[in-house]
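Enquirer: Quick one: the structure is below, questions incoming.
The values are calculated or read from the model by the stated rules, or taken from the named source; none is laboratory data. If you're wondering where the values come from, they're calculated on a predicted model, not measured in any experiment. Every residue, glycine as well, gets a Cβ built from its backbone with ideal geometry; the counts of neighbours run over all protein chains shown. Side chains are part of the model used for accessible areas, which takes the heavy atoms of the whole protein and leaves out ligands, DNA and RNA. Shrake-Rupley method; radii C 1.70, N 1.55, O 1.52, S 1.80 Å.
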Amino acid sequence: MNKMILEDPPNPAVVISKKLTRIDLARNVKLPKQKTKALLTMMNGATTENLQVGKEVKILDYIEGREYTVILRSTENGKYHFGDGWSTMKNSLNLQEGEILSLYWDYRNQQFIII
């Protein structure tokens, strides 16, 4: 795993937080549209258009010492979600309905960090 680069406290402009719903846990987790769109400017090669095909991103969990690979996708109407890889991550973390998933975008290493 790459060395963690995390501001203290984390800059809210690079954090995505999502209260998980039953649908997020049964399917693909939907991400906050405006916050995710704002992060695209810090993601190498990511645009709403090319995310329709999907972009592989790493998500690091330093507490558990795990790394996950998920596919970040956008729909034609500009909504964002994690696709492939989300199921493995949610099951490994034993995520539950109502929990808050917070991800810090480490733009230096081009990866998310669970906070």
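Enquirer: Determine the order of Ile114, Ile100, Ile59 by accessible area, beginning with the largest, at a probe radius of 1.4 Å.
Expert: Heavy-atom accessible area, descending, gives Ile100, Ile114, Ile59.
Enquirer: Another question, if that's okay. Would you pull out the residues with amide H under 5 Å of Asp84's amide H, same chain only if 5 or more places away, H placed 1.01 Å from N?
Expert: Hits under the 5 Å cutoff: Ile71.
Enquirer: Using θ = phi - 60° and the Karplus form 6.51 cos²θ - 1.76 cosθ + 1.60, what ³J(HN,Hα) does each residue of segment 90-96 get, whole Hz, x for Gly and Pro?
Expert: With the stated coefficients, segment 90-96 comes to 5, 6, 5, 7, 6, 5, 10 Hz.
Enquirer: Another question about this same structure. Treating only the Cβ atoms of Lys and Arg (+1) and Asp and Glu (-1) as charged, compute the dipole magnitude of the chain about its Cα centre; round to the nearest 20 debye.
Expert: 320 debye
Enquirer: Taking R0 as 22 Å, what's the FRET efficiency between Thr88 and Ile63 from their Cβ-Cβ distance, rounded to 0.05?
Expert: With R0 = 22 Å, the Cβ-Cβ based efficiency is 0.80.
Enquirer: Ok, one more. Give the value in nm², to one decimal: projected area of the alpha carbon convex hull of segment 33-115, averaged over all directions.
Expert: 5.5 nm²
Enquirer: Here's a follow-up. GluC sites (Glu not before Pro), restricted to segment 16-115: which are DSSP loop and have at most 15 other Cβ atoms within 10 Å?
Expert: Of the GluC sites (Glu not before Pro), the ones in loops of segment 16-115 whose Cβ has at most 15 other Cβ atoms within 10 Å are Glu49, Glu64, Glu76, Glu97, Glu99.
Enquirer: Which of the peptides 15-21, 34-40 is most tightly packed, and how do the rest follow, going by the mean number of other Cβ atoms within 10 Å of each residue?
Expert: Peptide ranking by packing, descending: 34-40, 15-21.
Enquirer: Also, quick follow-up: Put +1 on the Cβ of every Lys and Arg and -1 on every Asp and Glu Cβ in segment 41-113; which of Gly85, Gln96, Gln52 then has its Cα farthest towards the positive end of the dipole?
Expert: The residue sitting farthest along the positive end of the dipole is Gln52.
Enquirer: Just the number please: accessible area per residue for the chain, 1.4 Å probe, all protein chains included, in Å².
Expert: Result: 57 Å² per residue.
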